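S.K.: Sharing a structure, written as structure tokens. Questions coming.
The values are calculated or read from the model by the stated rules, or taken from the named source; none is laboratory data. These figures come from a predicted structure and were not determined experimentally. Heads up, the Cβs are rebuilt from the backbone with ideal geometry, glycines too, and the neighbour counts pull from every protein chain shown. Heads up: the accessible areas ignore ligands, DNA and RNA and are worked out on the full protein's heavy atoms, side chains in. Shrake-Rupley method; radii C 1.70, N 1.55, O 1.52, S 1.80 Å.
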Amino acid sequence: MKIISSKKDLKTCILEHKANKKSIGFVPTMGALHQGHLSLIEKAIKKNDIVVVSIFVNPTQFDNHDDLIKYPKTLENDTKLLTSVSCDILFTPSIKEIYEENVASQKFNFDGLEHQMEGKFRNGHFNGVGTIVKTLFEIIKPNKAYFGQKDFQQLQIIKKLVKKYHLNVKIKGCAIFREKDGLAMSSRNSRLTETHRNAAPFIYKTLKKARKKFGTENATSLIEWVENQFKKHPLFELEYFTIADEKTLETIKNKEPNKKYRAFIAVFAGEIRLIDNIRLKN
Ligand code: AMP
């Protein structure tokens, strides 16, 4: 595996592969890799000649400085994992390499997707995400890029970014990879206390119960039910639970046939913020 930290070197390397008619698959990450990331990378490896993984903890998408500073960094282990799955190129740019002297986001209009859920609670988050993903796409020019449904709102926003800017890349959404006990894998899970980690499967269990109830209950009473489950729980603080249309990400009032719905949740386990979501059947 080649490890590259300069955009110029990466561009040269990609140009060579493109000249040899190789297809490029790309998986952007913030590192502290786990099986969830690897599931995306393995998919990319199956479908592309060359796979590029980036590790870059993007400062402009963090609204909480403490979260940015404490974001887990495990580059040595990440490199071993990537070598073990035969990743071709690891891109590890510095902040300066990406932003030069101006560490700031571009402003985007994602047709309202950015104002829902994470956008409401993490100020400027999707401008930061849009900025870094667009920059990385411009450097790497991948044929396909892989994103997890774990960050479903981000996935929909990236699809919108590609459409709005006519970017020539296919976006592939990948299923959520979970621990055996149901907790969605996340780099932040390593920061949970033992007590919070042991209790954390409660989040996905509640989502599954909500999915069952969605067959018979209306959205408003179901949202109230979930809010009550968390009010009663001594270890978690619910930030939001909502049921939204997959396309618009707007909270639904009434179920309509032929629409796809998903339940979304954000929870604080101590100071660690966890998100998850689940597809609903109507
Ligand atoms: P991150 O390093 O958290 O920015 O994640 C990089 C990519 O991996 C994003 O597209 C995430 O949605 C995806 N990802 C993170 N965790 C999981 C998971 N448990 N299952 C599937 N994809 C994931």
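S.K.: Compute the angle between helix 35-47 and the longest alpha-carbon principal axis of the chain, please, reported from 0 to 90 degrees and rounded to the nearest 10.
M.R.: Computed tilt is about 50 degrees.
S.K.: How far is helix 75-84 tilted off the main Cα axis of the chain, in degrees rounded to 10, range 0 to 90?
M.R.: Roughly 80 degrees between the two axes.
S.K.: Quick one, what does Rg over Rh come out to for segment 187-276 if you take C-alpha atoms and the Kirkwood Rh?
M.R.: Across segment 187-276, the Cα-based Rg/Rh ratio is 1.00.
S.K.: Related question: Provide, for q = 0.17 Å⁻¹, the log10 of I(q)/I(0) from a solvent-free Debye sum over equal Cα point scatterers in segment 87-231.
M.R.: -1.19
S.K.: Could you give log10 I(q)/I(0) at q = 0.18, 0.22 Å⁻¹ for segment 31-132, computed by the Debye formula over C-alpha point scatterers of equal weight, without solvent?
M.R.: So the normalised log intensities work out to -1.02, -1.18.
S.K.: Accessible area per residue for segment 187-276 in Å², computed with a 1.4 Å probe and the full protein assembly in place, what is it?
M.R.: Here the per-residue accessible area is 54 Å².
S.K.: Something else now. Taking the chain as the reference, fit the longest principal axis to its C-alpha atoms, fit the long axis of helix 201-213 to the helix C-alpha atoms, and give the angle between the two in degrees, 0 to 90, nearest 10.
M.R.: 60
S.K.: Here is a further query. Thinking of the chain as a set of Cα atoms, what percent of all their pairs are more than 25 Å apart?
M.R.: Result for the distance tail: 48 percent.
S.K.: Right, something else. I need the phi-derived Karplus couplings for segment 179-190: 6.51 cos²θ - 1.76 cosθ + 1.60, θ = phi - 60°, integer Hz, Gly and Pro marked x.
M.R.: Each residue of segment 179-190 in turn: 5, 4, 7, x, 4, 5, 5, 7, 4, 6, 4, 5 Hz.
S.K.: Sort 97-109, 228-240, 194-206 by the packing proxy (mean of other Cβ within 10 Å over each peptide's residues), most packed first.
M.R.: Taking the mean over residues of other Cβ atoms within 10 Å, the ranking is 194-206, 228-240, 97-109.
S.K.: Which of the peptides 267-279, 55-67, 26-38, 214-226 is most tightly packed, and how do the rest follow, going by the mean number of other Cβ atoms within 10 Å of each residue?
M.R.: Highest-to-lowest ranking by the protection proxy: 26-38, 267-279, 55-67, 214-226.
S.K.: Can you compute the charge dipole magnitude of segment 187-276 about its Cα centre, using +1 on each Lys and Arg Cβ and -1 on each Asp and Glu Cβ, nothing else charged? Give it in debye, rounded to the nearest 20.
M.R.: 360
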